[in-house]
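To start, the structure under review is shown below, and the notes come after it.
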Amino acid sequence: MMEYEAPLVEVQNVTFSYQGRKHPIFEEMNFSLEREKIGLIGPNGSGKTTLFHIIMGLLVPRKGAVLFKGNTVHDEKGFQELRKSIGLLFQDADDQLFSPTVLEDVAFGPLNLGFSPEEAREISRQTLSNLGLSNFEPRITHNLSGGEKKLVSLATILAMKPELLLLDEPTNNLDQETRFRLIDILNNLDLSYAIISHDWDFLEKTTREVYAIEKGAVTQCERACLHEHHHAHLYGDHPHHHED
Amino acid sequence: MIPEYFSYTDSFLHRADPRLKIVAAVSITVVIAMSRSYITGLCGLVLSFFLVGFARLDIGVVARRLLAVNIFTAFLWLTLPLTYGGETMEFLGFMTISREGVAVAALITLKANCIVLAFLALMSTSPVSSLGHALGQLGLPEKLCLLLLFSYRYIAVISQEFQRLSRAARIRGFTPKTNVHTYRTYAYLFAMTLVNSWNRSHRVQQAMMLRCFNGRFYTLHPERLTAVECVVFGVIMTGVFIMAFWEFWKLQG
Ligand SMILES: Nc1ncnc2c1ncn2[C@@H]1O[C@H](COP(=O)(O)OP(=O)(O)O)[C@@H](O)[C@H]1O
Ligand SMILES: [Mg+2]
């Protein structure tokens, strides 16, 4: 008998609105993330970042629930468990890198997970070297360039050995070289992830499926549609249907 | 960006335990600042020069730092000899100046240079981050150390944010003048910077929570003292103690 495997994380019937806003951003919305590599695309302000923050428990929906491996997450404690398995890469790397040196920042997660300083140091070294960032270890974080900051913040999350990555507009303000490097890194990761991006070309190179998020609903974009978009309008970020 | 000119090169002092360096720098400063005699001051200056040489600092940069300090002491040289009173002596044949005023100005100059050199050699050779951790290990309250570390990390970011806002204002034709409009605009800029920083601190806290932070900081650097470090700093501290005893003995005598 085939065993039913629950999606890694799911949001069920979630209604959410920011304080002081009349119209909810999501109403009774459903969305699930399996173990796969997907892209999320949608116009500015459509709630992509909000959705990620709800999944991570940073925002609490008015109604509905977040399910982690099939179980409803009830409280902060549950989300703490979830955060060990799901890593979120923020839009602005300066928010993510707060330690003075790169090595300390990468080791922050492992230390919190209970590893000893020696083990944390080893894990961080390994993670940085896997990303080709070995020579960054002693660097002072605020002296890094924008692209370097992005790669290091990815390392800080990978050091926690998550099962799923959520990346919020990772190619924003990224130079071409770092962008290619990121594509390379993501393709070589044996890990599931969901990427928010306006960069069709980037999504095409890094993900299998792309979902569109608009007016509080998530719909699947066809592969062909993604391809067409890429050639038709490189920076078009409004999801829409192509009628045959 | 905060340039740390001296923390990039390498020397024994660069590698030495920051705790020892902090203790040494603070003791030298206290003894020299309290001293009343030239001999202590001169000994201190010799010690400081020795430390600067030991740290192999770039002489040009050191000279520039000393220049900055001595612009300040130059004002003392301009005012103290004329205003200090007491015994006077002739100067350039046409005016009289205070002998004690000259003496005090000289002592202050000596002390100031000595302390600055000691700090350049001992403190600026450690990155601020390790100084922050070292202060914590020396018993400074954790909150203060974190305040230091986070300020150090985010001052550059906050200043960038302010510059971005003021650039936006300038692009729309804002030129600072002495009028209410200018004051109000600057007030807005400051206020917006505050709001932005507040929001950023909130996001940083979220980022920390996402990486399983639960209110406790674990350090990656359990520093261990080496024998050589202990000996070298033992010698330095002995010198400092001798200077302190000399001062004390002179006071008694
Ligand atoms: N902290 C907040 N308070 C109030 N409204 C917010 C807040 N953050 C975002 N919003 C609003 O919620 C909507 C969705 O934001 P967001 O999830 O950041 O969109 P996206 O990431 O898709 O661009 C936007 O209209 C935005 O203005
Ligand atoms: Mg967003």
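The values are calculated or read from the model by the stated rules, or taken from the named source; none is laboratory data. The shown structure was predicted, so the numbers you read here are calculated from the model rather than taken from an experiment. In this analysis, Cβ positions are derived from the backbone assuming ideal geometry, glycine residues included, and neighbour counts consider all displayed protein chains. Keep in mind that these areas ignore ligands, DNA and RNA; they rest on the heavy atoms of the full protein, side chains included. Shrake-Rupley method; radii C 1.70, N 1.55, O 1.52, S 1.80 Å.
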Report task. Would you work out which of B:THR96, B:PRO81, B:SER48 lies farthest towards the positive end of the dipole of segment B:1-118? Charges go on Cβ: Lys and Arg +1, Asp and Glu -1. Result -> B:SER48
Query raised in the report: Taking every residue in A:89-101, how many Cβ atoms of other protein chains lie within 10 Å of its Cβ, on average?
Result: 6
Query raised in the report: Could you give the longest part of chain B that holds none of the trypsin sites (Lys or Arg not before Pro) found in DSSP loops with at most 12 neighbouring Cβ atoms within 10 Å?
Result: B:37-171
Requested in this report: Using Cα positions and a limit of under 12 Å, work out the aspartates and glutamates in reach of A:LYS205, with same-chain residues fewer than 8 apart set aside.
Outcome: A:ASP184
Query raised in the report: In segment A:1-99, what trypsin sites (Lys or Arg not before Pro) fall in a loop by DSSP, with at most 14 other Cβ atoms inside 10 Å?
Result: A:ARG21, A:LYS22, A:ARG35, A:ARG62
Query - List A:LEU164, B:LEU138, ordered by accessible area with a 1.4 Å probe, largest first - result: B:LEU138, A:LEU164
Query raised in the report: With point charges of +1 on the Cβ of Lys and Arg and -1 on the Cβ of Asp and Glu, referenced to the Cα centre of the protein assembly as shown, which listed residue (B:CYS114, A:ALA217, A:GLY87) lies farthest in the positive direction of the dipole?
Result: B:CYS114
Query - Longest segment of chain A lacking chymotrypsin sites (Phe, Trp or Tyr not before Pro) that sit in a DSSP loop with at most 14 other Cβ atoms within 10 Å - result: A:19-234
**Report entry** DSSP-defined beta bridges in the protein assembly as shown - what % are antiparallel, rounded to 5
**Finding:** 55
Report task. Go through A:ILE185, A:PHE108, A:LEU40 and say which Cα lies farthest out towards the positive end of the charge dipole of segment A:31-187; charges sit on Cβ, +1 for Lys and Arg, -1 for Asp and Glu. Result -> A:LEU40
Report summary line: Beyond 26 Å (Cα-Cα) in this structure, taken from A:LYS63/A:LYS150; A:LYS22/A:LYS215; A:LYS77/A:LYS149; A:LYS37/A:LYS69; A:LYS69/A:LYS161; A:LYS37/A:LYS150, we find A:LYS63/A:LYS150; A:LYS77/A:LYS149
Requested in this report: Report, to the nearest 10°, how far helix B:128-137 tilts away from the longest principal axis of the Cα atoms in chain B, using its own Cα long axis and a range of 0 to 90°.
Outcome: 80
Report summary line: Mean other chain Cβ within 10 Å across B:126-136 is 2
Query raised in the report: In nm, to one decimal, how far is the B:LEU82 label point from the A:SER116 one, both placed 7 Å along Cα→Cβ?
Result: 6.9
Query - Separation between Cα centres of segment A:70-129 and segment B:4-60, rounded to whole Å - result: 39
Query raised in the report: How big is the accessible area of B:ASP58 in square angstrom, nearest 10, if you roll a 1.4 angstrom probe over the protein chains?
Result: 90
Query raised in the report: Mind listing which chymotrypsin sites (Phe, Trp or Tyr not before Pro) in segment B:83-120 are in a DSSP loop and have 13 or fewer other Cβ atoms within 10 Å?
Result: B:PHE94
Query raised in the report: Between the helical axis of A:117-130 and the dominant principal axis of chain A, each derived from Cα atoms, what acute angle in degrees is found, rounded to the nearest 10?
Result: 60
Report task. Provide the FRET efficiency to the nearest 0.05 for the A:LYS69-B:SER159 pair, computing r from the beta carbons and using R0 = 45 Å. Result -> 0.55
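May I ask you to list the GluC sites (Glu not before Pro) in segment A:1-64 that are in a DSSP loop and have at most 12 other Cβ atoms within 10 Å of their Cβ?
A:GLU3, A:GLU5
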**Report entry** Reachable aspartates and glutamates, given that their alpha-carbon falls under 18 Å from the alpha-carbon of B:LYS21 and they are not under 8 places away in the same chain
**Finding:** B:GLU4, B:ASP10, B:GLU223, B:GLU229
Query raised in the report: Could you give the angle, 0 to 90 degrees to the nearest 10, between helix A:223-232's Cα long axis and the longest principal axis of the Cα atoms of chain A?
Result: 80
